Amino acid sequence: MTFSREPQQFTRKQLEKMNQAVKDGDKDARKCIIIDNKLYDVTEFIEDHPGGEAVLMTHIGKDASDVFHAMHPDTAYEILANYYAGDLLPEEVEDDRKLNIDENNNSIKFAAEMRELRDKLKNEGYFHASKLFYVYKVLSTLAICGVGLGLLYAYGRTSTLAVVASGFIIGIFWQQCGWLAHDFGHHQCFEDRSMNDILLVFLGNFCQGFSLSWWKNKHNTHHASTNVHGQDPDIDTAPVLLWDEYASAAYYGSLDEEPNMISRFLAQSVLPYQTRYYFFVLGFARISWALQSLLYSFNQGAINKSAQMNLYERGCLICHWILFTYCTIAWNSSLYNMVLFFLISQATTGYTLALVFALNHNGMPIITEEKAEKMEFFEIQVVTGRDVSMSPLGDWFMGGLNYQIEHHVFPNMPRHNLPKVKPMVKSLCQQYNIHYHDTSFFKGTLEVLKALDVTSNLSLQLSKKAF
């Protein structure tokens, strides 16, 4: 189905037909989304979407109002206006309004309340960052690096213990850079997005060795389709780890009738025992992400297609590895200490990042694409997230991501305000019977391991059937 660029009125059935044509692979099919009861034809915009193509594709043919408002600044509305194609028919809008007052539909009423809360919090300044907080966070994080490199420089040639301590400190520095890069990546600090990106590339690419564009491409899609099977890249970790029955069925179902030796080995002798090697794998997380970042940056380029950003990103990544290699070789007296420093720094970051990431959503409900289309954005964000109650030291260690539910419903809110809004969000969830999961670090980790164990047993059964 095609339509002109002149504004028209559309029914949801027309939109469904357009969306089905896209799913069927029709090259001429128009890609449209609904925002605030208006239809936008984004066919020509997808490749230029600053947040990546994948995140926009997850909402083609759907109402993207809440996810759009949650993840975009006011300036995005000017860009959006260029792709306006028409409105939903007035009677369909009226039908939606009737649904919103349906006393039996808690999800819709909850979403309406969350929108009101978001507007209220914006008016009260909760989305404005404390610049002093972020100055403190950046300087204190860089100070950790100074301590780690200073220790290596002063004692790395004479003391293996100093090398071990330095490697651990640098690993913690990289982890803390990750949390700060995450904040700036969500544009939590500056209203001028370019300022956030400059600091994001400095902290992420140069200090930490992770590409801004690689991270945004994955992370934006994760926020738009959290724990949605087939859409959220954060739960697509096969064949290393399988987190749910959908991933297990998809992986084993994808094996050929005569799989190669590696696929057969993984399916029979590795994945059914993933709980046993889970903590071993975490140690390799940082080096894996760093390699993916390099490959993405030099193969795909900057996510916003900017030549300047592309050069800045690649230059910072190269400088990161030159500086790290120089410090590793020049400030250690033996090959043994060089390898030790490398392994400890990489493994420390891998463990301290991955343990936090796993607590965010792993072991929480996985939603099919069909079910997600019938759920409200805010409900999905709450029921798939896990808050972790921590001390102030724990808040620092987890970079504020222990307020995962609050972060997902308000991704642009500065982390220092998340504890303040937690009681408000939790209260609304209780009022509308939306499951809000709040636990401890230890119990949350056990939940993650239990989810892995359940999937391990399923993998064992599937492997027996497959072979």
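The values are calculated or read from the model by the stated rules, or taken from the named source; none is laboratory data. Computed from a predicted structure; not experimentally measured. As a convention, Cβ positions derive from the backbone with ideal geometry for all residues, glycine included, and neighbour counts pool all protein chains shown. Surface accessibility is based on the protein's heavy atoms, side chains included, excluding ligands, DNA and RNA. Shrake-Rupley method; radii C 1.70, N 1.55, O 1.52, S 1.80 Å.
A quick yes/no check of all residues on (1) open to solvent by 20 Å² or more (accessible area, probe 1.4 Å); (2) outside any loop (DSSP other than H, G, I, E, B); (3) β-branched (Val, Ile, Thr):
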{"residue": "Val382", "(1), (2), (3)": "no, yes, yes"}
{"residue": "His416", "(1), (2), (3)": "yes, yes, no"}
{"residue": "Lys450", "(1), (2), (3)": "yes, yes, no"}
{"residue": "Val454", "(1), (2), (3)": "yes, yes, yes"}
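Write out, first by first residue and then by second, each pair whose Cβ atoms fall under 9 Å of each other, whose residues are 6+ apart or on separate chains, and whose first residue, in region 3-21, is open to solvent by 100 Å² or more (accessible area, probe 1.4 Å) while the second is modelled with pLDDT of 80 or more and small (Gly, Ala, Ser).
What qualifies is Arg5/Ala85; Glu6/Ala85; Glu6/Gly86; Gln9/Gly86; Glu16/Gly61.
Would you point out which residue out of Gly185, Gly167, Gly204, Gly209 is more than 18 Å from Tyr296 (Cβ to Cβ) and surrounded by 20 or more Cβ atoms within 10 Å (Cβ to Cβ)?
Working: Gly185 fails: more than 18 Å from Tyr296 (Cβ to Cβ); Gly204 fails: more than 18 Å from Tyr296 (Cβ to Cβ); Gly209 fails: more than 18 Å from Tyr296 (Cβ to Cβ).
Of the residues listed, the single one that is more than 18 Å from Tyr296 (Cβ to Cβ) and surrounded by 20 or more Cβ atoms within 10 Å (Cβ to Cβ) is Gly167.
Are any residues in region 288-337 open to solvent by less than 60 Å² (accessible area, probe 1.4 Å) and either within 23 Å of Tyr153 (Cα to Cα) or touching a Cys at 6+ places or on another chain (Cβ under 9 Å) (or both), and if so, which ones?
Once the filter is applied, which keeps residues that are open to solvent by less than 60 Å² (accessible area, probe 1.4 Å) and either within 23 Å of Tyr153 (Cα to Cα) or touching a Cys at 6+ places or on another chain (Cβ under 9 Å) (or both), region 288-337 yields Cys316, Leu317, His320, Trp321, Phe324, Cys327, Thr328, Ala330, Trp331, Asn332, Ser334, Asn337.
Listed here are the residues, each with its yes/no results for (1) among the polar types (S, T, N, Q); (2) open to solvent by 20 Å² or more (accessible area, probe 1.4 Å); (3) at pLDDT below 90.
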| position | (1), (2), (3) |
| --- | --- |
| Gly25 | no, yes, yes |
| Ile34 | no, no, no |
| Ile46 | no, no, yes |
| His69 | no, yes, no |
| Tyr77 | no, yes, yes |
| Glu94 | no, yes, yes |
| Asn100 | yes, yes, yes |
| Leu121 | no, no, no |
| Gly125 | no, yes, no |
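Please go through region 385-399 and pick out each residue that is small (Gly, Ala, Ser) and touching a residue at least 60 places away in the same chain (Cβ under 8 Å). Spell out how you get there, then give the answer.
We begin by selecting, within region 385-399, every residue small (Gly, Ala, Ser); these are 385, 389, 391, 394, 399.
Answer for region 385-399, where residues must be small (Gly, Ala, Ser) and touching a residue at least 60 places away in the same chain (Cβ under 8 Å): Gly385, Gly399.
Scan region 139-164 for residues that are under 20 Å from Met398 (Cβ atoms), surrounded by fewer than 19 Cβ atoms within 10 Å (Cβ to Cβ) and β-branched (Val, Ile, Thr) and report the count.
Result for region 139-164: 1.
Here is a check on your reading of the model: is Ala129 free of Cβ contacts under 8 Å to residues at least 24 places away in the same chain and touching a helix residue (DSSP H, G or I) at 6+ places or on another chain (Cβ under 9 Å)?
Numbers: free of Cβ contacts under 8 Å to residues at least 24 places away in the same chain: no; touching a helix residue (DSSP H, G or I) at 6+ places or on another chain (Cβ under 9 Å): yes.
For Ala129, the condition - free of Cβ contacts under 8 Å to residues at least 24 places away in the same chain and touching a helix residue (DSSP H, G or I) at 6+ places or on another chain (Cβ under 9 Å) - is not met.
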